[in-house]
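Below: the structure, in structure tokens.
The values are calculated or read from the model by the stated rules, or taken from the named source; none is laboratory data. Everything numeric here is computed off the predicted structure, so don't read it as measured data. Neighbour counts run over all protein chains shown; Cβ positions are idealised from the backbone, glycine included.
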Amino acid sequence: MKRMPRRWVHGLTALWMGLWGVTNGEAREMKQEIATFAGGCFWCVEHLFDGVDGVISTTSGYIGGEKDNPTYEEVSAGKTGHAEAVQVVFDPEKVDYAALLRLFWRNIDPTTPNRQFCDVGSQYRSAIFYHDEGQKRLALASKADAEAKKPFPEPLVTPIVPASPFYPAEGYHQDYHVKNPVRYRYYRLNCGRDQRLRELWGDPPAGEKPAAAH
């Protein structure tokens, strides 16, 4: 049987979970778990996790704010308290949460509150939104490990907080790096994301794909 393209699968599982109140524990029974990360522009965070073996879908959206069903215009203006974020649905038998955490830390600037690269404001803050106590424990351990091993002197200020309602972003934001590759590359280059990541972390470890090379 022909496999459904990723762009069709993209976000449907996460959206279904959000609409029907499926918990991370219930997702685990289906061999799926969810993870939610904020790392500035959600196009770039989505690109980071797309293509990772074991990741089923990625959905750009908004989390951590006060308003139901916020729009991009409201969030980008800093009016709702939400952060741009990506919800990752993954198969824990193929990739575990700890591996996703390691990839996340290596691809953000964890030294800046309310800013990622050229994007400034609380809507572009970095954060790990945990969905259960197990994720909280692993996230805290990963932060301690990253703090101990980081090659730069600044402390890690990225918070680890409980997940709140997640609202998928408008359709044109989903798979942006696939639908608009030239505009995406132009934005990413001009925002200085990859340059800053190299300054902070150096070159990726052997066997780890740079986010822009998926």
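Report yes if Lys209 is outside any helix (DSSP H, G or I) and either modelled with pLDDT under 95 or surrounded by 13 or more Cβ atoms within 10 Å (Cβ to Cβ) (or both), otherwise no.
The answer is yes for Lys209.
Residues checked against (1) in contact with a helix residue (DSSP H, G or I) (Cβ under 8 Å, 6 or more places away or on another chain); (2) at pLDDT 95 or above; (3) surrounded by fewer than 13 Cβ atoms within 10 Å (Cβ to Cβ):
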| residue | (1), (2), (3) |
| --- | --- |
| Glu147 | no, yes, yes |
| Thr158 | yes, yes, no |
| Tyr184 | yes, yes, no |
| Leu200 | no, yes, no |
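Could you list all residues from the stretch 111-127 that are in contact with a Lys or Arg (Cβ under 8 Å, 6 or more places away or on another chain), more than 16 Å from Asp194 (Cβ to Cβ) and not aromatic (Phe, Trp, Tyr)?
Across the stretch 111-127, the qualifying residues are Pro113, Asn114, Arg115, Gly121, Arg125.
I need every pair where a residue in the stretch 177-199 that is in a helix (DSSP H, G or I) has its Cβ under 6 Å from the Cβ of a residue that is surrounded by 14 or more Cβ atoms within 10 Å (Cβ to Cβ) and of a type in the set (Asp, Glu), sequence separation at least 6 or different chains.
Arg196/Asp109
For Trp105, state whether it is in contact (Cβ under 8 Å) with a residue 60 or more places away in the chain and aromatic (Phe, Trp, Tyr).
When the stated conditions are applied, Trp105 does not pass them.
Are there any pairs, at least 6 apart or on different chains, whose C-beta atoms fall under 8 Å, with the first in the stretch 122-141 and closer than 17 Å to Gly39 by Cα and the second assigned to a helix (DSSP H, G or I) and β-branched (Val, Ile, Thr), and if so, which?
Final answer for the pair search is Gln123/Val75.
Tyr172 passes all but one of (1) in a helix (DSSP H, G or I); (2) closer than 21 Å to Ile128 by Cα; which number fails?
Going through the list (1) in a helix (DSSP H, G or I); (2) closer than 21 Å to Ile128 by Cα, Tyr172 breaks only (2).
Give me the pairs: first residue in the stretch 142-164 and more than 20 Å from Ser122 (Cα to Cα), second residue among the acidic types (Asp, Glu) and not in a loop (DSSP other than H, G, I, E, B), beta-carbon distance under 9 Å, and six or more apart or on different chains, which are they?
Taking only residues 6 or more apart or on different chains, the pairs are Phe152/Glu199.
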